[in-house]
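Data first, discussion second: the structure below is written as structure tokens.
The values are calculated or read from the model by the stated rules, or taken from the named source; none is laboratory data. None of the values given here were measured: they were computed from a predicted structure. Cβ atoms come from the backbone with ideal geometry, glycine included; neighbour counts cover every protein chain shown. With ligands, DNA and RNA removed, areas are computed over all heavy atoms of the protein, side chains included. Shrake-Rupley method; radii C 1.70, N 1.55, O 1.52, S 1.80 Å.
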Amino acid sequence: MSPIEGDLRNLGFEVVTAEDAASLATYLQAVPAAERVAVVDPRLVGHVHALRLGLTDPRFDASALPGAVSVRPTARAALVRAVAETGEEGEGETLADRLAGRMEKDGVPVHRPELGVLVATVPADATGRAGAAAAVAAVDDEAVRLRSAVKSRDGFFTTFFISPYSRYIARWCARRGLTPNQVTTASLLVAVIAAGCAATGTRPGFVAAGALLLASFVLDCTDGQLARYSLQYSTLGAWLDATFDRAKEYAYYAGLALGAARGGDDVWALALGAMVLQTCRHVVDFAFAETDQDARAGAAVLSRTLDRVGWTVWLRRMIVLPIGERWALIAVLTAVTTPRITLTVLIVASGLAACYTTVGRVLRSVRRRTPSGDAAARALADLADSGPLAEGLTRLFRGRGVPAAALLGAAVMIATSLLAPAGSPWPVAAACCYAVTSALAVSGPLKGALDWIVPPVFRAAEYTTILVLAAVSDVNGALPAAFGLVAAVAYHHYDTVYRIRGGTGAPPRRLVRATGGHEGRALLVTAAAAALAHNTGFTVALTVLAVALAVVVLTESIGFWVSSQAPAVHDETGGPA
């Protein structure tokens, strides 16, 4: 038995030996269609984790190492064709290498993982085999696997205060058969308990809430590290991880508001303001990332220049207030101050971070020479979330789009809602104006250097208008109801982002039309504020709208992700979250 056979069996493969390409083709036909298959040269010498990376990663339909190639069921046909077309001999190459090359020539992407210090090679003779074995023995396979479980780029707090021990928790979970989805769910439950502790409004409750929020973040890091450690990537897992992060944070804001209310302080406007600001920051991140490669290339050049000055690396990662720094700030302030101070400091810090990142992106964008591509324009149009009202109005402008109109319409609607007295019809008129300017903004393809700003402007306009109308109404329960409404709408917008990032495209247009689009919802809320001012009917209207949207959006979204065949997309960038 070849020494590599035991390693392959430990990775879950059933090993059979093929004498030639003809017998290999026969064995491939006998393997059940739903199973992954690998062709491995019996002379291969390497680390087990190198084999794991090259042969078992579920994110890639086909992957290869020197002397080995592996395919998922979706690429099985390509491997079978390669076997039929590939000869027995090839100078300096193994059969597996020739199969991988043949598949690539046929247009099948073959992933080749970065092995770093890990070894995977097919020695030509006994001397080479001895050298390869010595190289394998010189490197601690498990230590490399543990280090690689941590993102290569992450925030300062996560890197120095969480990852040094969370990776060991991830390994502990892997050895006990726990899955990343189970750890993700545990993180959500801990965060919900933290929100409940904050809602008690007592000092012990606030201290416990801060500690539990940090514990939730440790588990939040652990789930991703467990996925990387054991290569347990999945479409559902990626969606749960991203969605639960938002749910945990915003539930905690609500817990702080409930706790403050028990002490006689109403901070629902601050809680909703923090959620609006954070969601808009994320939309800025996503929309800018969808612009063409020129902007990203310019940003990369600037980043590499600054990276030469070591201390700027961590300063820049901290100043954008990523999730680790943000949650640490919230946890500490919750434990030692009040909900009002916590939310106020969070809004100020997040606002400064938003200014820093947005100004930098605007400056980079204006230097861009070429327009965005069609794919980026489609993504921005999907992120805009334009409903049937805007769709109908765009026909009037016949493709002559003016993206800057989005800023004008948003400013008019927000300012009117803020300055008009409760019950005034002027916000309704402003919302009608907003619908027209929104349609004008997206009438043409969003390919301009700064057109990525349009979706964040729409988010800010809709969310802020809901916040302002609920605040000026002075109706009991209006702000908590508005919090629920914005949370439901924000989920829809995050879901759109995650689908685009996963390569499956935006939610179906029927869903967008059913939810009214951003301009339709803005008009509906302003009409409710005008008609139901000074009584609890406005609170009821916001609550009904929030529940209706949540049911429609969640039903379609959960059904999509549970049954989706989209590729698993996990955040490996360490960018702000």
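Here are the numbers for the structure shown:
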{"item": "In nm, spacing of pseudo-spin labels at Val552 and Arg367 (7 Å Cα→C-beta vector)", "result": "4.4"}
{"item": "Unit charges at the beta carbon, dipole of the range 127-274: most positive-side option, Val136, Ala174, Thr222", "result": "Val136"}
{"item": "Ordering of 108-116, 346-354, 94-102 by packing [mean C-beta count within 10 Å, highest first]", "result": "94-102, 346-354, 108-116"}
{"item": "Hits among aspartates and glutamates - C-alpha to C-alpha of Lys447 under 20 Å, sequence gap 8 or more where chains match", "result": "Asp285, Glu290, Asp292, Asp294, Asp374, Asp382, Asp385, Glu391"}
{"item": "Residue-normalised accessible area of the chain, given per residue in Å² at a 1.4 Å probe", "result": "43"}
{"item": "Summed residue charge, Cβ within 14 Å of Phe156's Cβ, Lys/Arg positive, Asp/Glu negative", "result": "+3"}
{"item": "Charge tally in the Cβ shell below 13 Å around Leu393, where Lys, Arg are +1 and Asp, Glu are -1, Leu393 excluded", "result": "+1"}
{"item": "Candidate aspartates and glutamates - alpha carbon under 13 Å from Lys248, same-chain residues fewer than 8 apart omitted", "result": "Asp220"}
{"item": "Percent accessible area from carbon and sulfur atoms, the range 374-576, protein chains only, probe 1.4 Å", "result": "68"}
{"item": "Nitroxide proxy distance, nm - points 7 Å out along Cα→Cβ at His534 and Ala126", "result": "10.1"}
{"item": "The range 3-139, accessible surface, carbon-and-sulfur percent (1.4 angstrom probe)", "result": "53"}
{"item": "Net charge contributed by nearby residues that have their C-beta within less than 14 Å of Ala353 (K/R +1, D/E -1)", "result": "+3"}
{"item": "Of Thr235, Leu418, Val15, farthest towards positive along the dipole that unit charges on Lys, Arg, Asp, Glu beta carbons give the chain", "result": "Leu418"}
{"item": "Debye, to nearest 20: dipole size of the range 395-548, +1 on Lys, Arg Cβ, -1 on Asp, Glu Cβ", "result": "680"}
{"item": "Label-point separation in nm, Arg175 to Arg316, each point 7 Å along Cα→Cβ", "result": "3.9"}
{"item": "The range 119-162: trypsin sites (Lys or Arg not before Pro) in DSSP loop, at most 16 other beta carbons within 10 Å", "result": "Arg153"}
{"item": "Computed [θ] at 222 nm, deg cm²/dmol, the chain (DSSP H ≥ 4; -39,500 (n - 2.57); rounded to nearest 500)", "result": "-22500 deg cm²/dmol"}
